[in-house]
Amino acid sequence: GLVILAIILRAQRIRQALRISQADRRELRGANALLALEIEERRMAETQLEKAQSELARSSKLAALGQLSASVTHELGQPISAMQNYLKAAEFDKDNDERKNSLERLGGIARRMVSITRQLRFFAQPGQSTMEQVDLIRVWKGAFLLVEADLKQKGVKLKVNIGEEKIIVLGNRLRLEQVLINLLRNSISALEDQKNKTIKVDLGIERDMAIITISDNGHGLGAQTMDQMKEPFHTTKASGNGMGLGLAISTAIVVEHGGQLRAENGKKSGAVFTLELPVELPLELDDLGKKGK
Ligand SMILES: Nc1ncnc2c1ncn2[C@@H]1O[C@H](COP(=O)(O)OP(=O)(O)OP(=O)(O)O)[C@@H](O)[C@H]1O
Ligand SMILES: [Mg+2]
């Protein structure tokens, strides 16, 4: 009797367990269907997001392209019309001195156009900069040669203070030169209409960092911060006198060199820009010996 009872109880337990598991399975199937629906919805949302993002990227690229075209058109338009005027003048000038004057001005205009294309080259080869050991003092000399004529023409005095024999950093010579040119050009234009125009340049090393400061006694930054000034197309200059790209490009170049570019107003007047780059430390003879082994 007991055995039979045990069998019956066992069968009941099994049946009950089976019922529960069937109910579980039904529930699971329901949950699975919901999940599938949710996944499908999420996938759709994702494709929509992707579409929206690429649309946004496309339209902001177009917007940037529009801004760039406007800037370049203005920037080149002015020297082109000036060039036409001087060419006409040179054509009609009987006087040799006047003709020479026109030709000199044409030279200045050509320099300006060269500097615009030089600046824009940055966008033509993004991320293609090859790094090698460069001496910042030589970079400075290269930059100086390119602005020397402008300094003279605008009557700007330059005071240079070089504190080292060599300042070696890992970098791209042309791009670093561009940074210095941009800073110098900014100082030159800040000095327009100022008395006693002076730019001071200091090159040195402090705690494994190469430091270049460029200070001027121009009109100063006003309330502008570096964050604002480094925004592409941010400019306080009249159209045709600046694209607002100099500091945007310079900051990008400095960052790609692992450095920093800071700006502040001078103590008395003008602006001070500080460029900091990590110094490439010379290999000690010891290290070379170890490497050889
Ligand atoms: N040395 C400086 N003194 C005073 N203001 C400066 C100086 N350097 C930069 N600025 C301010 O920062 C702004 C942005 O400079 P940035 O070099 O990026 O563009 P830009 O000089 O106006 O045009 P671009 O460099 O494209 O010809 C300038 O318009 C100016 O207002
Ligand atoms: Mg500039």
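The values are calculated or read from the model by the stated rules, or taken from the named source; none is laboratory data. What you are looking at is a predicted structure, and each value in this text was computed from that prediction instead of being measured. Cβ atoms come from the backbone with ideal geometry, glycine included; neighbour counts cover every protein chain shown. Just so you know, the surface numbers come from the protein's heavy atoms only, side chains and all, with ligands and any DNA or RNA stripped out. Shrake-Rupley method; radii C 1.70, N 1.55, O 1.52, S 1.80 Å.
Please sort by residue number the chymotrypsin sites (Phe, Trp or Tyr not before Pro) in segment 67-171 whose DSSP state is loop and whose Cβ has at most 14 other Cβ atoms within 10 Å. Filter output for segment 67-171: empty list.
Kirkwood Rh over Cα pairs of the chain into Stokes-Einstein at 25 °C, 0.890 mPa s: D in µm²/s?
It comes out at roughly 100 µm²/s.
Can you give the relative contact order of the chain as a percent, counting alpha carbon pairs under 8 Å and 6+ residues apart?
15
Rounded to the nearest 10 degrees, the angle from helix 2-92 to the longest Cα principal axis of the chain is 10 degrees.
Compute the long axis of helix 96-124 from its Cα atoms, compare it with the longest principal axis of the Cα atoms of the chain, and write down the angle in degrees, 0 to 90, nearest 10. Rounded to the nearest ten degrees, it is 10. When all protein chains stay in place and ligands, DNA and RNA are ignored, the 1.4 Å accessible-area order of HIS219, HIS74, HIS257, largest first, is HIS219, HIS74, HIS257. Relative to the longest principal axis of the Cα atoms of the chain, the long axis of helix 136-154 lies at roughly 50 degrees. Extension gain, LEU49 to SER69, is 4.2 nm, computed as 0.36 nm per intervening residue step minus the present C-alpha separation. Under the shape rule built on the C-alpha gyration tensor, where the axes satisfy a ≥ b ≥ c, segment 149-256 is oblate, since a/c reaches at least 1.5 while a/b does not exceed b/c. A straight Cα-to-Cα reach below 29 Å connects LYS61 with the lysines LYS51, LYS230, LYS237, residues fewer than 8 places away in its own chain not being considered.
What does DSSP give for segment 151-276 in terms of the percent of beta bridges that are antiparallel, rounded to the nearest 5?
On the way: 19 of 25 bridges.
Roughly 75 percent of the DSSP beta bridges within segment 151-276 come out antiparallel.
Considering only alpha-carbon pairs that sit under 8 angstrom and 6 or more positions apart, the relative contact order computed for segment 131-293 is 24 percent. Within a straight-line Cα-Cα reach of under 24 Å, LYS141 can be paired with the following lysines, leaving aside sequence neighbours fewer than 8 residues apart in one chain: LYS152, LYS154, LYS157, LYS159, LYS166, LYS197, LYS200. Which of the three applies to segment 126-184, rounded, prolate or oblate, going by the alpha-carbon gyration tensor with a ≥ b ≥ c and a/c under 1.5 meaning rounded? Taking the square roots of the gyration eigenvalues as a ≥ b ≥ c, segment 126-184 is oblate. Can you tell me how segment 108-156 classifies by the Cα gyration tensor, rounded, prolate or oblate, using a/c under 1.5 as the rounded cut? In terms of gyration-tensor shape, oblate. Cα centroids of segment 1-38 and segment 205-246: 76 Å apart.
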